[in-house]
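Here is the structure we will look at.
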Amino acid sequence: MALLEIRDVVKTFGDFTAVNHVSLSVEAGEFFTLLGPSGCGKTTLLRMLAGFEQPDSGEILLDGKNMAGVPPEKRPVHTVFQSYALFPHMTVAQNIAFPLKMAGVAAAEIPKRVNKVLEDVRLQQFARRYPHELSGGQRQRVAIARALVNRPRLLLLDEPLSALDAKLREQMQIELINLQKEVGITFVYVTHDQGEALALSHRIAVMNSGQVEQLDAPETIYSYPKSRFVADFIGQCNLLDATIVEIGSERMKVEIAGVGVAEALPVAGAQIGGKGTLTLRPEKIKLGAALPADDANEVHFKGKVHDCLYLGDVTIYMVELDNGMLVETMLPNSASGKAKFFDDDDLVELAWRYDAGHFVLA
Amino acid sequence: MNNRLAKWLISGPPLLYLLLFFAIPSAIMAFAAFRFPGDYGGLLPLVEVNPETGAREVLINFGNYADFLTWENFQRFFEEPIYIELFLKSFWYAGITTGVCIVLAYPLAWLIARSSKKTRDLLVLMVILPFWSNFLIRVYAWMIILGPQSYFSQVLNRVLAVFGIEPVSLLFSQFAVIIGLVYVHLPFMVLPLYANLEKHDMALLDAAQDLGANAWQRFWKVTWPLSLPGVWAGTALVFIPALGMFAIPDLLGGTNSMMIGNLIKQQFLDSRDWPFGSVLSIMLTLSVLLMAAIAAWAGSRGKAKK
Ligand SMILES: Nc1ncnc2c1ncn2[C@@H]1O[C@H](COP(=O)(O)OP(=O)(O)OP(=O)(O)O)[C@@H](O)[C@H]1O
Ligand SMILES: [Mg+2]
């Protein structure tokens with residue numbers, strides 16, 4: 001049985017539906033992420049798990065127990081707040097001891113437990129400091145330590161890294177993964193940063209305006225987005241409007257208007273004449289002055305370089321197809337001495353394998 | 001250089017004001033505490049004007065200063081227990097007033113701080129509204145409310161009669177004095193508390209609840225300790241003025257509800273014993289300073305222990 005079950009939960013504010021019939025389950029020990037753009041209802045869903053909001057309908061089960069009417073202080077669920085919400089009048093050690101005291105842990109036991117978790121987040125020497133005497137990353141770790149110390153069944157994290165700079169964020173991501181492995185507590189993590197979600201999670205629920213659009217492992221979400229929204233939201237993606245012209249068992253043919261016919265993996269519910277979007281990641285497209293046309297698994301198109309974007313490790317080339325459509329491609333700058341392979345207005349060829357793209361029905 | 005000039009220009013006028021109207025008078029009063037009262041009240045003069053020549057003549061010198069300066073006024077303060085008792089009683093009144101003000105003001109300040117921006121301004125306005133009418137008028141109003149003829153007293157006494165309790169006279173009692181003191185000082189407790197509570201981060205209460213604290217624990221572990229600066233500010237604003245208050249005991253109090261303020265006023269205006277009045281004033285100031293020092297010391301010790 002799953003540790004957490006969310007069944008058909010709805011939450012409205014006035015006539016605005018913030019969470020719209022969400023159902024999902026989270027297994028014990030999982031690092032589960034709710035990913036979505038700002039305002040899609042991630043925090044609202046998290047607050048319902050913590051008990052600060054009550055669902056209008058549907059139910060939330062933790063360990064099989066219905067959480068309806070259980071107040072936040074009675075749930076075995078702790079939250080790492082986006083603002084950290086450390087108690088400014090308590091030292092680091094007192095902050096971390098707080099949940100233990102509230103739970104009535106024996107006074108003699110408390111320092112031991114506090115020290116143990118301080119060790120886990122590598123903050124032993126800061127035990128006697130006050131929150132305002134810590135850096136952002138250190139405060140973050142205190143907030144996590146405080147939420148972990150009483151070993152909740154579920155740890156909720158609401159964009160915990162969003163206040164940190166890019167470098168520190170990356171470091172904290174690694175620490176979070178390791179910490180989660182070490183303590184073995186189930187994490188439900190909220191973020192609007194797709195890179196973070198892909199890097200951290202065992203599974204991701206992509207949310208859009210109160211609904212779950214796709215729930216899968218990171219690789220699946222990235223390679224096989226189920227909707228145009230997911231493809232667009234996760235990473236860079238070319239979205240080519242296309243119509244199905246032929247359906248086979250292994251592959252199907254789709255027509256990109258004004259460009260030509262491409263091949264793709266068949267999708268459920270496909271019909272001849274069905275319209276949709278061919279989603280294609282830039283790094284899966286081959287680019288060259290002239291590409292050999294001997295692979296039957298590849299489709300070929302001609303184009304013209306419209307813009308180049310030099311990023312250091314790679315260069316992004318925006319290639320204009322016959323119909324004026326722009327396709328984003330990239331080449332690693334691995335060749336010695338060379339930083340750019342093409343210039344604006346160079347004529348180029350594009351190619352991709354039939355299984356590189358993924359067709360989503362409109 | 002310019003910066004320093006600007007600093008002096010800005011802080012100069014208020015400093016001068018404080019020097020002229022606080023430091024110098026305090027020094028004069030401190031000196032007066034060591035002098036003798038004059039034959040017709042006031043102070044025994046140190047300088048005499050010769051009626052014939054009009055020349056000023058300084059009477060005090062190194063040989064006869066004992067005829068002009070004395071410890072006697074201070075001795076009198078410490079030797080007659082009535083004065084210390086009066087001090088203790090005044091501290092007691094001011095302390096009760098402060099305590100009642102905290103208990104009454106805290107929920108009100110909390111309510112104001114938690115209401116919407118619009119109602120908040122309205123409520124703050126209502127708290128300071130009484131200041132728009134004269135202090136004495138408001139105290140006289142209490143004389144009427146607590147007086148034996150008022151509906152309030154009559155209804156109260158009827159209710160008491162039902163329980164077989166003798167009618168009480170509210171006015172001219174310690175009770176009336178405390179009511180008056182609380183009434184006058186309540187806004188000075190509400191405002192600093194409100195200013196403090198309004199700044200509290202609500203996320204802290206969510207965090208406390210999330211970590212297992214019930215409503216009672218959330219208040220005592222989070223809200224209350226974080227509001228202490230407001231409580232202290234309000235305490236200073238209520239306790240110190242309440243300690244020196246004389247109008248309210250005069251108007252609402254009975255014969256035994258006199259406070260230090262009344263005694264000081266009596267010394268200066270009625271008995272015209274300025275030296276002893278000065279002694280009382282100085283002792284009042286010193287005792288307030290001593291209390292503040294003890295509070296500061298206790299505060300810093302409390303922090304160091306954590
Ligand atoms: N208490 C509330 N009253 C009214 N509307 C609310 C309330 N809380 C949230 N909402 C609305 O519900 C929607 C979802 O809010 P939520 O905070 O869950 O978004 P989010 O996905 O966490 O976004 P972000 O990434 O910006 O934090 C928003 O449009 C928000 O305006
Ligand atoms: Mg949010």
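Okay, here's what the table says:
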item: Those residues of the range A:24-38 which are aromatic (F, W, Y) and away from ligand 1 (no atom under 16 Å from the Cβ), in sequence order; result: A:F31
item: Meets criteria (assigned by TED's automatic domain parsing to the domain that holds B:A207 and in a helix (DSSP H, G or I)) for B:S257; result: no
item: Residue selected from the range A:12-46 under the condition open to solvent by 60 Å² or more (accessible area, probe 1.4 Å) and charged (D, E, K, R), by the criterion nearest to ligand 2 (Cβ to nearest atom); result: A:D15
item: Hits in the range A:185-213 - residues which are among the aromatic types (F, W, Y) and within 15 Å of ligand 2 (Cβ to nearest atom); result: A:Y189
item: In the range A:52-77, residue farthest from the other protein chains (Cβ to nearest Cβ) [restricted to those that are closer than 20 Å to A:E159 by Cβ and open to solvent by 10 Å² or more (accessible area, probe 1.4 Å)]; result: A:E53
item: Strands (runs of 3 or more DSSP E) wholly inside the range A:247-362 that include at least 3 residues being in contact with an Asp or Glu (Cβ under 9 Å, 6 or more places away or on another chain); result: A:252-256, A:260-264, A:275-280, A:286-288, A:298-310, A:314-320, A:326-332, A:347-353
item: Residue match in the range A:56-74 (condition: within 16 Å of ligand 2 (Cβ to nearest atom) and in the same structural domain as A:Q180 (by TED's automatic domain parsing)); result: no
item: Residue list for the range A:90-102, filter: in a helix (DSSP H, G or I) and facing chain B (nearest Cβ under 8 Å); result: A:Q94, A:F98, A:P99, A:M102
item: Residue check, B:F87 under 18 Å from B:M245 (Cα atoms) and either of a type in the set (D, E) or open to solvent by less than 40 Å² (accessible area, probe 1.4 Å) (or both); result: yes
item: Search result, residues across the range A:305-362 that are open to solvent by less than 20 Å² (accessible area, probe 1.4 Å) and polar (S, T, N, Q); result: A:T315, A:T329
item: Hits in the range B:68-90 (condition: charged (D, E, K, R) and over 18 Å from B:Q266 (Cβ atoms)); result: B:E72, B:E79
item: Test: residue in the range B:236-250 that is under 30 Å from B:D39 (Cα atoms), open to solvent by 40 Å² or more (accessible area, probe 1.4 Å) and among the small types (G, A, S); result: no
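The values are calculated or read from the model by the stated rules, or taken from the named source; none is laboratory data. No experiment lies behind these values; they were computed from the predicted model shown. When we count neighbours, we look across all protein chains shown, and the Cβ atoms used for this are built from the backbone with ideal geometry, even at glycine. Ligands, DNA and RNA are stripped out before the accessible areas are found, and what is left, the full protein with its side chains, is counted by its heavy atoms. Shrake-Rupley method; radii C 1.70, N 1.55, O 1.52, S 1.80 Å.
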